[in-house]
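Written below as structure tokens is the structure these notes are about.
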Amino acid sequence: MGEGKRIVVDHVVHGFGGRRVLDDITFDVDGHELVCIVGQSGCGKTTLLRIMAGLLRCDSGAVLLDGRAVTAPSERTAMVFQHFGLFPWKTVRANIEYGLRNRGVRDPQRVDRLIETIGLKGAEDRYPRQLSGGMQQRVGLARALAVEPEVLLMDEPFGALDAITREQLHDELLRIWAENRSITGIFITHDIDEAIVLGDRIIVMAGGVAAHIIDVPIPRPRTAQDARVHPGYPELRRKVRKALQFG
Ligand SMILES: Nc1ncnc2c1ncn2[C@@H]1O[C@H](COP(=O)(O)OP(=O)(O)OP(=O)(O)O)[C@@H](O)[C@H]1O
Ligand SMILES: [Mg+2]
């Protein structure tokens, strides 16, 4: 396994109908880093993620993945969406297998391992409507991981979940990050605590720019609880909060 791909977001500008949403976004992400992006609703987080995924072209600037410009969706990048985005007519197993099948890969053992990792054993043959929100989002995560992406882009994936389920999934994601050194991740959230628990760094978006980039000095591997009881936590929280308030 590699060390994860390096991402460079280089002076990205984007507008819709003459209204600029992303004014000049610049930051980079090291291989295997998990960077959280926080910002107020409507500040352009999803737009930025779509550009990073190659789903939307920026007006100017570039996103580079290991030095190569991202211009179209790639097999190397997977996304997890806020509203699960599962195929309702496919079972759990078929949803997870989807990306693999598209690539002509049949690997039932890999799918079994993922079902186990993500805590869905016994639910393989159910349909999304027969699952709780937390289970559906586990399927979304497993589906993204199935293709062994080098970059995982997550757009408020746990936003719709209750606090307990959300914390379980935080621990799962932290564990996946500790065990798999070949993924680089971007995680968008509104939630300051979630950003601190998960991130190596936090980017605060405001006014169409990456207004603040804040280090999270909490060692890995870690659990959500480890992060919360870390002595630096309250100060970090104040810092992110202030950055969000004042841009
Ligand atoms: N396809 C589109 N056409 C026109 N305007 C759009 C389009 N997509 C997004 N916008 C506008 O761009 C701005 C940024 O939207 P975006 O979805 O990126 O925000 P966000 O930060 O993800 O918000 P939220 O936290 O609510 O998800 C918003 O004002 C939105 O209305
Ligand atoms: Mg959004």
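If you roll a 1.4 Å probe over region 85-148 with all protein chains in place, what percent of the accessible area is carbon or sulfur?
That share works out to 45 percent.
Name the residue farthest towards the positive end of the dipole of region 156-247 from the options Ser182, Ala211, Gly159, assuming +1 on Cβ of Lys and Arg, -1 on Cβ of Asp and Glu, about the Cα centre.
Of the options given, the answer is Ala211.
Would you calculate, for the chain, the mean residue ellipticity at 222 nm contributed by helices, counting each DSSP H stretch of 4 or more residues as -39,500 (n - 2.57) and dividing by all residues, to the nearest 500?
Mean residue ellipticity at 222 nm (helix-derived): -10500 deg cm²/dmol.
Given axes a ≥ b ≥ c from the Cα gyration tensor, I'd like to know whether region 114-170 is rounded (a/c under 1.5), prolate (a/b larger than b/c) or oblate.
On the way: a/c = 1.70, a/b = 1.06, b/c = 1.61.
Cα axes put region 114-170 in the oblate bin.
What are the residues whose amide H is under 5 Å from the amide H of Thr184, where those residues sit 5 or more places off or on another chain and H is modelled from the backbone?
Here Lys5, His32, Val151, Leu152 satisfy the definition.
Mind checking the per residue accessible area of the chain for me, 1.4 Å probe, whole number of Å²?
That works out to 47 Å² for each residue.
Just how many % of Cα pairs in the chain lie over 22 Å apart, if you round to the nearest whole percent?
53 percent
What distance in nm lies between label points placed 7 Å from Cα along the C-beta direction at Leu55 and Asp191?
Result: 2.1 nm between the two label points.
Give the long-range amide H neighbours of Val21: residues separated by 5 or more places, or on another chain, with amide H under 5 Å away, using H modelled in the peptide plane at 1.01 Å from N.
His14, Gly15, Phe16
Only loop residues by DSSP count here, and only those with at most 14 other Cβ atoms within 10 Å; note down the chymotrypsin sites (Phe, Trp or Tyr not before Pro) in region 1-109 that meet that.
Here the sparse-neighbourhood loop sites are Trp89.
The values are calculated or read from the model by the stated rules, or taken from the named source; none is laboratory data. As the structure is a computational prediction, the values presented were derived from the model and not from experiment. Backbone-built Cβ (ideal geometry, glycine too); neighbour counts: all protein chains shown. SASA here: full protein model, heavy atoms, side chains in, ligands and nucleic acids out. Shrake-Rupley method; radii C 1.70, N 1.55, O 1.52, S 1.80 Å.
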